[in-house]
Structure formats: structure tokens, C-alpha cells
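The values are calculated or read from the model by the stated rules, or taken from the named source; none is laboratory data. Since the structure is predicted, the reported quantities are computational estimates derived from the model, not experimental observations. We place every Cβ from the backbone using ideal geometry, glycine too, and count neighbours over all the protein chains shown.
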Amino acid sequence: MQTNRPETKTGCRGLTVVELLVAITIMSILIALLLPAVQQAREAARRASCANHLKQLGLGMHLYSKSHGCFPPGYTAELSQDQYTKSWAWGAFLLPYLEKQSLYDTINLEKQSLTESVVDPNMIRFYQTELSIFLCPSDSGSFLSHSYRQLLVPQYLTQTKPESMKGPNVDVSSQFMWVFLTPSVVRGFSGMSVIAHARPPIPFPIPKPRRKPKPSPFPVPDPTDDTEPEPTPDPPPVTTMPIKIGKSSYVGSLGSAWKPNQSDWSDEDFKGNGVLGRNTRVTWKHITDGTSNTFVLGERSWKNYAAVWPGVNSVNDCGFIDNQMVLGTAFYPLNQRSVSVNIDCDGTGSANFSSHHPGGANFLFADGSVHFLSDKVDFRNSDSSHQSGLFQRLAHRSDGEITGEF
């Protein structure tokens with residue numbers, strides 16, 4: 001007996017539009033929930049790496065102190081020299097203690113000043129060495145300094161390389177040349193540069209010496225010759241142009257003081273009340289507030305023009321290319337934004353401590369520990385140490401005040 005059964009469809013059922021939209025919505029929600037967590041995990045790793053760099057710098061500081069009996073100076077200065085004399089800074093002094101002995105020997109800072117060294121074009125590339133220990137992984141920018149943190153070098157170092165030095169047999173790196181835009185900011189610069197290694201041409205023409213005739217044994221002056229000898233022309237003045245050097249995400253602590261007007265600065269102001277200053281030789285006994293209560297180094301981000309490791313462009317000033325290149329102060333709030341032009345020495349964020357980490361910055365303390373200070377830390381600027389905030393007390397090495405928890 002035959003029975004008639006209804007035919008059934010065996011094909012697969014597809015998703016409806018509503019189901020597809022629901023699936024997309026669920027995936028979007030999951031991504032929105034997971035992405036911040038991934039970003040936070042990456043930032044936490046970068047912040048930990050930054051703290052590790054500071055710990056290595058702290059170890060270098062302690063090794064330097066063990067060898068020299070004091071912390072390195074923030075930067076050195078021969079005060080009898082010109083105001084715009086360049087000088088080595090704490091980053092260069094630490095090189096032998098950061099496993100960079102060969103670079104230290106090459107720049108030869110024990111035998112020549114930075115002013116003497118920069119006139120040699122073959123040395124420029126060494127100041128542009130990328131040193132990862134001076135770079136925070138969270139920070140932006142390249143390994144070269146910000147346009148506002150450049151050294152001024154003789155302009156002839158920027159001239160184009162002669163054709164005779166070009167060709168397939170010449171090393172590619174030596175075929176680069178310097179290219180600059182015109183400096184526009186007062187005591188700061190807006191420009192661009194590419195690296196040059198070539199030896200430049202002579203800055204002004206030098207005539208070939210002529211063979212002098214043998215003098216007559218009986219010289220007789222010619223009474224009819226009334227021509228005057230041509231004076232020897234003076235060489236043209238050597239103008240300067242800025243070059244970028246190795247960037248640093250870390251600055252030394254000048255302390256809690258600062259003066260916005262250059263005319264108010266004294267030698268003691270340039271030394272500061274922190275651990276690193278101009279020509280300072282701070283020892284352990286000078287840090288009377290305790291090494292665990294005084295920070296030595298702190299961060300400065302690219303948005304605040306960061307810093308450099310080789311040295312400063314001038315030793316007797318307090319602008320973008322002066323002590324702000326290597327030192328920071330707690331006179332200005334942590335993570336305060338920078339100004340585009342210094343008004344005299346009022347650097348605000350250009351002279352402070354800052355970072356690209358959300359909510360604060362890493363600091364190296366004199367005992368070698370690293371702490372993350374919140375940008376909400378107690379901040380009170382005062383001439384009296386009794387009324388200073390916690391941030392100022394941590395920067396001052398000997399104010400005698402109790403810091404409390406931080």
C-alpha cells in the first residue's frame with residue numbers, strides 16, 4: 001500500500017537581516033569593550049618599560065657617584081666664557097656607566113668642550129645617536145630632538161657636498177647633506193633637517209700663496225711708486241644654523257625654583273635646589289631630606305618639546321635652547337602644556353615635567369627607586385618651604401619639610 005508523504009526541503013536556512021544586524025551589534029559591543037582593555041595593557045607595558053629605563057639611569061647615577069664622589073652636574077659651564085657657550089650635560093657624563101664607553105670616547109668630552117666639538121662636521125652624527133635608554137616608549141616624535149631643542153653650528157656645515165665626493169663608490173650615508181628652513185622663532189627654531197656626514201667645503205675662499213721674489217741685496221725704493229698696498233680682506237663672519245641632536249625623554253631636576261625673567265637669575269639660581277644644576281657636585285650628604293624623598297630625574301614629553309642627552313646650546317640663559325634642554329623644574333605644574341614661544345625665560349610647560357602617560361609621569365628618586373606621580377599631586381608654589389606643595393618638596397633636596405605619602 002502506498003502512502004503519499006509531503007515533500008520536505010533539504011536546503012540550509014540562511015540568516016535573516018535582523019539576525020545579521022544583531023550579530024554585528026554584538027561584535028561591535030565586544031570590540032568596544034575589549035579595545036580599551038588592550039590599549040590599557042599596552043600602555044601599562046610601555047609605562048613599565050619607561051620606568052625600567054629610569055632605573056637603568058639611576059644605576060648609572062649611582063655608579064657615577066661611586067666613581068666621582070658626587071652626582072653628575074646638570075651641565076657644566078665656564079662662566080668666564082661667552083654667554084652662548086655650549087656645554088656637555090648629565091646624559092653625556094653618564095655614557096660610560098650605561099655601557100656606552102665607545103660613544104663616550106668618540107665625543108671625547110674630557111678633552112674638548114661641546115663648543116669646540118660641534119665645529120667638526122664628522123662629530124655631528126655622534127650627537128644624533130639613537131639611545132633607547134633615553135627614550136620613553138609611550139612618547140611620540142623621533143629619536144632626534146624637537147625643533148626647539150637644537151644646537152647652533154656654523155652655517156658652512158650645512159653647505160652642499162662637492163660633486164667630486166658623489167658617485168657609486170661613495171658610502172651612501174656620506175652623500176647626505178644638511179637642509180634647513182630659516183629660523184623664525186626668537187631663541188627657538190622652526191625648521192627641518194636631514195643628516196649629513198660629509199666634510200664641508202671651506203667657508204670662504206683662501207687665495208693660493210704666491211712665491212715671493214728674492215729680496216735685492218741693495219733695495220732701492222721707487223720714488224715714483226705711490227700705490228698703496230691692498231689690505232688683506234677679513235673673512236666673512238660665520239653665521240649659525242640649527243641642527244637636531246639626540247632626543248631624551250628625561251630631564252634632570254633643577255629643584256622647585258625658577259625665575260621667569262633672565263635678569264633675575266644669579267649663579268645660585270642656575271645651580272638650583274635640586275640634585276642637578278649648573279656646575280653642581282651634589283653629594284649624598286647634601287640630600288638632607290632623604291634619598292627616598294627627593295627625585296633626581298623626571299619625564300618630559302614631546303608635546304612639551306622633550307629634551308636632549310648631549311648638552312645645552314648656551315650655559316648662561318634659561319630659554320628653549322638653554323638649561324631647559326636638559327633640566328626641569330617643579331615650579332610649573334606637572335603635565336602643564338607648553339607655550340610656543342618663551343617670553344624671556346617663562347617656559348611654563350617647556351621647563352616642567354610631563355609625560356605621554358595618562359594621569360602623571362615617572363620619576364627617578366635618589367635612592368634608585370622609580371615612582372609614578374599623579375598630575376593631581378599637591379602643587380603649591382611659595383617662597384616659603386612651609387607652604388610649598390608635595391611636588392615642590394619632592395624636588396627640593398634640603399627644605400627640611402616632611403613629604404608624607406605620595
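Hey, can you tell me all the residues within region 317-350 that are within 17 Å of Asn273 (Cα to Cα) and either touching a strand residue (DSSP E or B) at 6+ places or on another chain (Cβ under 6 Å) or assigned to a helix (DSSP H, G or I) (or both)?
Those that are within 17 Å of Asn273 (Cα to Cα) and either touching a strand residue (DSSP E or B) at 6+ places or on another chain (Cβ under 6 Å) or assigned to a helix (DSSP H, G or I) (or both): Asn323, Gln324, Val326, Leu327, Gly328, Thr329, Tyr332.
Okay, residues lined up against (1) at pLDDT below 95; (2) in contact with a strand residue (DSSP E or B) (Cβ under 9 Å, 6 or more places away or on another chain); (3) surrounded by 20 or more Cβ atoms within 10 Å (Cβ to Cβ); (4) among the β-branched types (Val, Ile, Thr):
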position	(1), (2), (3), (4)
Leu54	no, yes, yes, no
Leu94	no, no, yes, no
Tyr97	no, no, yes, no
Thr106	yes, no, no, yes
Glu110	yes, no, no, no
Tyr127	yes, yes, yes, no
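Quick one: in region 26-47, which of the residues that are under 30 Å from Arg300 (Cα atoms) and at pLDDT 85 or above is surrounded by the most Cβ atoms within 10 Å (Cβ to Cβ)?
Arg47
Taking the condition modelled with pLDDT under 95, of a type in the set (Asp, Glu) and in a loop (DSSP other than H, G, I, E, B), does Asp383 pass?
yes
Could you please find all residues in region 265-302 being among the basic types (Lys, Arg) and either within 20 Å of Ser248 (Cβ to Cβ) or assigned to a loop (DSSP other than H, G, I, E, B) (or both)?
Arg278, Arg281, Arg300
Looking at region 349-358, can you tell me whether even one residue there is crowded, with 24+ Cβ neighbours inside 10 Å and over 18 Å from Ser145 (Cα atoms)?
No.
How about region 266-289: which of its residues are surrounded by fewer than 18 Cβ atoms within 10 Å (Cβ to Cβ) and either touching a residue at least 40 places away in the same chain (Cβ under 8 Å) or among the basic types (Lys, Arg) (or both)?
Selection gives Asp267, Asn279, Arg281, Thr283, Trp284, Lys285, His286, Thr288.
Test Thr329 against the stated conditions and say whether it is touching a Gly at 6+ places or on another chain (Cβ under 9 Å), crowded, with 24+ Cβ neighbours inside 10 Å and not hydrophobic (A, V, I, L, M, F, W, C).
Yes, satisfied.
Collect the residues in region 54-77 that are in a helix (DSSP H, G or I) and either aromatic (Phe, Trp, Tyr) or over 15 Å from Phe365 (Cβ atoms) (or both), keeping them in residue-number order.
The answer is Leu63, Tyr64, Lys66, Ser67, His68.
For region 142-152, give me each residue that is crowded, with 17+ Cβ neighbours inside 10 Å and farther than 15 Å from Val251 by Cβ.
Hits for region 142-152 are Leu144, Ser147, Gln150, Leu151, Leu152.
If you check Ser314, Ser369, which single one turns out to be out of contact with any strand residue (DSSP E or B) (no Cβ under 7 Å at 6 or more places or on another chain), surrounded by fewer than 16 Cβ atoms within 10 Å (Cβ to Cβ), modelled with pLDDT of 85 or more and among the hydroxyl-bearing types (Ser, Thr, Tyr)?
Of Ser314, Ser369, the one residue that is out of contact with any strand residue (DSSP E or B) (no Cβ under 7 Å at 6 or more places or on another chain), surrounded by fewer than 16 Cβ atoms within 10 Å (Cβ to Cβ), modelled with pLDDT of 85 or more and among the hydroxyl-bearing types (Ser, Thr, Tyr) is Ser369.
With the checklist (1) farther than 30 Å from Phe353 by Cβ; (2) of a type in the set (S, T, N, Q); (3) modelled with pLDDT of 75 or more in hand, flag the one item Gln175 doesn't pass.
(3)
Assuming Asn261 fulfils every condition listed in (1) out of contact with any Asp or Glu (no Cβ under 6 Å at 6 or more places or on another chain); (2) over 25 Å from Pro137 (Cα atoms) apart from one, which condition is it?
Looking at each condition in turn, Asn261 falls short on (1).
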